[in-house]
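The values are calculated or read from the model by the stated rules, or taken from the named source; none is laboratory data. Every value quoted in this text rests on a predicted model; they were computed, and no experiment measured them. With ideal geometry, Cβ positions are generated from the backbone for all residues, glycine too; neighbour counts draw on all protein chains shown.
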Ligand code: HEC
């Protein structure tokens, strides 16, 4: 959509530049070529109705040509649903979050924390039964978003969007022996992203 608006803007811009260039070229030429010092007489040009009408119609046609692409872009913007624009405000069901979270966990987290959630202590801690995972959501989201500097735990803030972080966090809080029964929504991740990185120890 942004791309379409940009193309529309640049197209209209160049049409205006070209029109301006020709109008000024004709004006400057007329002023110089028909100057008084050459002894030329003014002609009662304005009494020719058809010339004036033609001028008016040309401008009208140029205006209509400019309006058509603008209306097309406006109409396609109207077709966008609210969900397409701010995905972070969408809420998901527990089932949706668990399904998506499961896939993300298997793909990005299981190598270290293991599919069982038991990890490989002491290198990789267990998420199953971890009070950091089942405790305050802020602490969990902070760990997944920002990782833990100085350890192997990576920051996922640039790799995953709000919806994906919400899903994987919900999955960890409700898998294996972890049964908080609560879902984390993308809007909570949006809020957590803005908070400063904390390096607090396990609760
Ligand atoms: C390269 C290995 C690695 C990967 C991949 C990884 N982690 Fe970790 N994770 C760690 C390590 C190491 C720690 C322990 C950091 C510390 O010393 O507190 C940790 C700690 C955590 C903790 C805190 C657990 C606790 O009890 O302290 C959470 C939650 C967590 N990881 C979630 C995730 C999630 C979610 C993913 C996938 C999106 C993930 N991790 C991927 C290595 C990894």
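Observations, loosely collected:
- Hits in the range 100-128 - residues which are at positive phi and either within 9 Å of the ligand (Cβ to nearest atom) or assigned to a strand (DSSP E or B) (or both): 119
- Qualifying residue in the range 79-88 (condition: at pLDDT 85 or above and surrounded by 10 or more Cβ atoms within 10 Å (Cβ to Cβ)): no
- Within the range 110-147, the set of residues being touching a residue at least 60 places away in the same chain (Cβ under 8 Å) and surrounded by 14 or more Cβ atoms within 10 Å (Cβ to Cβ) comprises 117, 130, 132, 135, 139.
- Residue in the range 61-74 that is within 9 Å of the ligand (Cβ to nearest atom), at pLDDT below 95 and farther than 20 Å from residue 165 by Cβ present: no
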